[in-house]
Amino acid sequence: MKSHWLFEPSAAALPLRQSRIRSLWIFVWAAFSGVGLGLCSLLLAYGNYAQAVFLSYFRHPVLLALNLLPALLLTLLLTALTGRANVGFILSGFVVLGLSLGNYVKLLTRDDPLLFVDLTLLREAKAIADTGDYQLRPNLRLAAVLLAFLLGIVILTLFCRGSIPGRHRAAAGLLALVLLAADLYVSFDTNRYNSLKNLDAVEQWSSTQVYLSKGFLYPFLHSVSSSIVRPPEGYRGDRWAAEQLAADVAAQIPDDKKVDLITIQLEAFADFSRFENVEGVAFGRAYDTWHTLEREGLSGNLITNIFAGGTVDTERCCLTGFASYHDFRRVTDSAAWYLAAQGYHLSGSHPSNDWFYNRKNVNQYLGFPDYYYIENHYAPLTGGTFGSDDVLLPEILRLYQEDCAASDAPIFSFNVTYQGHGPYDTTNVWRGEHYTDGRYSETTANILDNYLGSVRNTSENLWTFTRALEKQSRPVVLLLFGDHKPWLGVGNSGYHELGVDLDPSSAEGIYNYYSTRYLIWANSAAKETLGVELQGEGPDVSSCFMLQELFDVLGFPETPYMRAASNARAVLPVITSVGVFQDAAGNFVSEDALTNEQQQALTDFHSLEYYVFSGGRYS
């Protein structure tokens with residue numbers, strides 16, 4: 001074999017035709033080895049999820065190609081640059097398998113995939129790794145990948161001896177570079193990325209599982225484009241933003257005013273009795289307990305960015321004060337970090353899976369060292385399934401009382417319910433209680449009966465919860481708010497049948513589509529401590545101003561971010577990411593109708609949001 005001209009160490013003495021065939025031979029082997037790297041990457045791509053995920057890649061040819069092409073083209077490019085197939089393969093392997101192994105380890109240790117932006121956070125990644133036992137243990141998959149890589153080196157060394165002539169390298173390298181650029185262009189296309197679905201073996205609500213369902217190299221390359229956060233038009237610069245957020249040493253919560261804070265975001269909880277001209281539904285019976293609770297506190301309209309889904313938008317906009325939902329990949333300042341710096345003990349609960357919206361990781365980025373999910377707490381209480389309010393609310397109370405007994409430190413408990421999550425059964429009424437009088441279709445009636453039954457159950461649990469808090473000797477304030485309006489049938493069929501106006505071009509349509517209710521309630525000890533009554537109807541607020549409204553009502557000094565955002569809130573009390581704004585007079589206005597003053601305030605607000613999300617700190 002060594003004597004054959006294909007294996008000559010140099011093509012200098014070969015005829016032109018044989019030299020070209022020899023170069024083609026080497027590049028073909030390099031291409032096959034690149035495909036092998038791509039397959040090895042896919043073998044690691046699904047972490048410790050089911051092998052069915054790996055097999056699903058081969059049922060989606062486009063996804064398969066988009067994961068194999070980067071490795072193939074990179075190997076060809078590096079082979080052309082170095083002139084040797086084995087060297088090009090080794091260098092490409094270090095890149096492809098290095099990133100793939102990093103993704104594999106991150107999935108195993110944190111159930112979180114590797115994104116491009118993570119490469120800029122290596123110091124934080126090391127700090128996280130140092131806090132836990134994250135040892136990589138050998139297994140058959142890792143052994144197979146290592147063996148395949150070593151075998152590739154041996155085969156290329158034996159069958160692709162010698163270097164490639166410069167003229168052939170230049171042509172092949174240019175072609176590989178052009179094709180690699182085209183592959184990146186395709187990978188960056190968000191519309192195509194979202195349209196390529198492979199959900200058979202994963203949960204569609206898990207951002208981690210949706211990511212790995214597309215392989216690794218393809219979603220990783222796509223994350224390059226999605227990681228680029230551009231400053232808003234008119235951004236005044238980091239120095240300006242830092243000056244706005246400069247901490248005021250005097251703005252500390254006085255020790256004698258540090259009441260306990262419990263917030264509960266209620267899944268799909270909204271007050272349908274506020275709809276105009278809807279007949280044939282016993283709203284009074286469904287909401288009587290809720291309305292009694294409202295009379296005990298300060299309540300108002302929360303204007304959200306979402307409708308019938310997207311829980312995490314309201315949740316994270318509330319915590320951060322951002323008007324827009326972001327994909328958090330680093331520690332980001334929030335009201336939680338601020339309260340922790342003020343000496344508060346932080347915790348919270350969501351009786352669902354920790355991978356849902358990647359809460360397991362993001363809640364830590366936003367300041368919560370301890371958070372309870374099905375996996376680490378609620379499974380024994382729920383049989384391993386989602387927790388209803390019958391389970392969750394008593395457990396929030398028990399955990400709060402446990403924290404009270406353990407320490408005198410003030411408490412901030414941030415909780416998100418699951419009960420109320422749609423869709424609701426269209427053929428059976430779960431709780432057996434009917435709120436409709438028979439004038440609506442069976443589908444709509446069953447949806448409404450199930451939803452309103454859930455609302456009433458939640459309200460009764462909240463009533464019991466507040467009676468227990470009233471008996472607490474410690475001052476405690478409770479903030480309740482719904483995250484979005486509920487699902488009421490395909491194409492909003494239930495809303496249409498009820499005659500509810502969902503046209504966001506009118507104030508009624510905006511309230512019907514985007515608003516829920518919030519309630520700030522305090523026990524007697526808290527009212528006495530703070531010197532507040534908390535009664536009546538509060539102002540409309542958007543998700544980004546919900547905690548700021550709470551701080552203002554309680555007389556707490558605002559966080560530096562809240563204080564800086566107050567200028568915008570003074571002229572635009574409601575700011576959303578869907579083009580809904582409210583001016584100081586209470587009128588809803590579109591973005592193109594904003595005055596110069598309002599537009600400047602909005603620009604400054606988005607500038608603060610950009611600065612903090614990009615890593616600027618204030619706590």
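No lab work stands behind these numbers, since they all come straight from the coordinates. What you see is a predicted model, and the numbers here were worked out from it, not measured in a lab. Every residue, glycine as well, gets a Cβ built from its backbone with ideal geometry; the counts of neighbours run over all protein chains shown.
Observations, loosely collected:
- Pairs over the 26 Å Cα-Cα cut-off, from the set LYS485/LYS527; LYS197/LYS360; LYS106/LYS485; LYS106/LYS214; LYS257/LYS471; LYS106/LYS197: LYS485/LYS527; LYS106/LYS485.
- Inter-site label distance for ASN376 and HIS434 at 7 Å from Cα along Cβ, in nm: 4.6 nm
- Karplus (6.51, -1.76, 1.60) ³J(HN,Hα), θ = phi - 60°, over segment 598-610, in Hz, Gly and Pro reported as x: 5, 5, 5, 5, 5, 4, 5, 5, 5, 5, 4, 4, 4
- J(HN,Hα) series, segment 580-596, from Karplus relation 6.51 cos²θ - 1.76 cosθ + 1.60, nearest Hz, glycine and proline x: 9, 9, 10, 8, 5, 8, x, 8, 7, 9, 8, 5, 6, 9, 5, 6, 4
- Amide H to amide H distances under 5 Å link PHE581 with VAL589, where only residues 5 or more positions off or on other chains count and H is placed in the peptide plane.
- For the peptides 291-297, 304-310, 427-433, the ranking by mean Cβ contacts within 10 Å, running from highest to lowest, is 304-310, 291-297, 427-433.
- Phi angles across segment 77-87 convert, under the Karplus curve 6.51 cos²θ - 1.76 cosθ + 1.60 with θ = phi - 60°, into 3J(HN,Hα) values of 5, 6, 5, 5, 5, 8, x, 9, 5, 5, 5 Hz, Gly and Pro given as x.
- Antiparallel %, DSSP beta bridges [both residues in the chain], to 5: 45 percent
- Here the extension length gained between ALA50 and ASP503 equals 158.7 nm, from 0.36 nm per residue of separation less the Cα-Cα distance.
- Close amide H pairs (under 5 Å, H built 1.01 Å from N) link LEU261 with ILE411, PHE412, SER413, VAL477, residues at least 5 positions away or on another chain.
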